[in-house]
Amino acid sequence: MDSEILYAVEDGVGTVTFNRPQARNALTYAMYEGLAAICRDPAAHGDPRVIVVTGAGEKAFASGTDIAQFRAFSGAADALAYEERIEAVLDSIERCPVPTIAAVSGAVTGGGAFLALACDLRIASTTARFGFPIARTLGNCLSMANYARLYALLGPALVKDIVFTARLVEAQEGHRVGLYSELLPDHAALMRRAAELARTIAGHAPLTMRATKEAMRRLTAAAAKDVASDDLVTLCNTSEDFREGMEAFLAKRRPVWRGR
């Protein structure tokens with residue numbers, strides 16, 4: 001396993017740790033694929049009964065896809081291929097035959113937020129800050145499948161609020177609106193509770209877990225079925241604004257939006 005993603009199994013509990021704390025656990029393709037490989041075939045990865053996903057350090061669960069990777073985009077095909085690639089990772093988490101728990105401290109944004117959403121349960125420390133600040137950073141949009149995930153959990157009004165304002169949802173609000181099932185006072189307490197919760201779930205009937213996971217996945221997927229979205233992704237992710245947002249982000253300056 002790449003050093004940027006750590007994995008260990010103990011007493012039936014697998015723990016995946018995004019290990020780029022110096023970069024706020026920004027996600028590389030290798031990190032995405034490492035998590036997906038474990039979720040697609042947990043039996044071949046120590047055969048855990050439950051998987052906990054977390055980030056190294058206390059500053060971030062995962063702060064999204066490493067922006068430098070977007071520089072390779074040259075047209076609509078690249079933008080759509082990226083969304084397809086990430087969706088395959090999220091789908092692997094949702095189809096994982098064992099329950100998954102996201103243990104969240106610090107920033108949980110962009111692609112990192114969707115990894116957390118794809119997990120079955122989310123618990124957080126009081127430092128958790130959740131959102132998609134793309135309206136003030138990159139100027140891109142979410143895929144229809146990801147809009148559907150947010151819609152199913154938070155409802156349309158809150159989704160628009162979060163995306164339009166580009167704000168991050170603080171931990172207390174996240175707990176209140178159902179984003180997190182539990183809120184812990186600090187990172188150490190979070191990880192203790194994640195281990196305790198994982199052991200509890202690992203001791204329960206695995207087929208009940210698997211059937212419930214799949215039922216929820218099918219219901220959520222139905223919301224996005226047959227809803228076109230390639231035109232929206234192409235509109236944003238191949239725009240001059242997206243290129244400007246990416247370069248501004250990497251240069252640590254404010255982007256100049258032109259709406260084209």
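Read-outs: derived from the displayed coordinates by stated rules, not from any lab. Here the structure is a predicted model, which is why all the values come from computation and not from measurement. Note that we place each Cβ from the backbone using ideal geometry, even for glycine, and neighbour counts take in every protein chain shown.
Could you work out the relative contact order of the chain, using alpha carbon pairs under 8 angstrom and six or more residues apart, expressed as a whole percent?
Relative contact order here is 20 percent.
Rounded, prolate or oblate: pick one for the stretch 158-222, where a ≥ b ≥ c are the square roots of the eigenvalues of its C-alpha gyration tensor, a/c under 1.5 means rounded, and failing that, prolate if a/b is larger than b/c, else oblate. Please list the in-between numbers first.
Values: a/c = 3.85, a/b = 1.23, b/c = 3.13.
Cα axes put the stretch 158-222 in the oblate bin.
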**Study point:** Efficiency of FRET from Cβ geometry, residue 228 and residue 181, R₀ 35 Å, rounded to 0.05
**Key:** 0.55
Check your understanding: In what sequence, highest mean first, do 212-218, 143-149 appear when ranked by Cβ atoms within 10 angstrom?
Key -> 143-149, 212-218
Practice item. Counting other beta carbons within 10 Å of each Cβ, put 161, 231 in order, fewest first. Key: 231, 161
Exercise for review: Name the residues whose placed amide hydrogens come within less than 5 Å of the amide hydrogen of residue 50, ignoring near sequence neighbours (fewer than 5 apart) on the same chain.
Suggested key: 14
Check your understanding: In the chain, what percentage of the DSSP-assigned beta bridges are antiparallel, given to the nearest 5?
Key -> 25
Review point. Where a Cα-Cα gap under 12 Å defines reach, which aspartates and glutamates qualify for residue 59, not counting those fewer than 8 residues away within the same chain?
Key: 186
Check your understanding: Looking at the square roots a ≥ b ≥ c of the eigenvalues of the Cα gyration tensor of the stretch 205-260, which shape do they give, rounded for a/c under 1.5, prolate if a/b is larger than b/c, or oblate?
Key -> oblate
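Among the helices of the chain (complete DSSP H runs), which have Cα atoms covering no less than 27 Å along the helix axis and a Kyte-Doolittle mean of at least 1.0?
Details: long enough: 76-95 (28 Å, -0.12).
Helices passing the filter in the chain: none found.
When a/c is below 1.5 the answer is rounded, else prolate if a/b is larger than b/c, else oblate, so apply that to the stretch 9-65 with a ≥ b ≥ c taken from the square roots of the Cα gyration tensor eigenvalues. Let's see the in-between values first.
On the way: a/c = 3.31, a/b = 1.68, b/c = 1.97.
Cα axes put the stretch 9-65 in the oblate bin.
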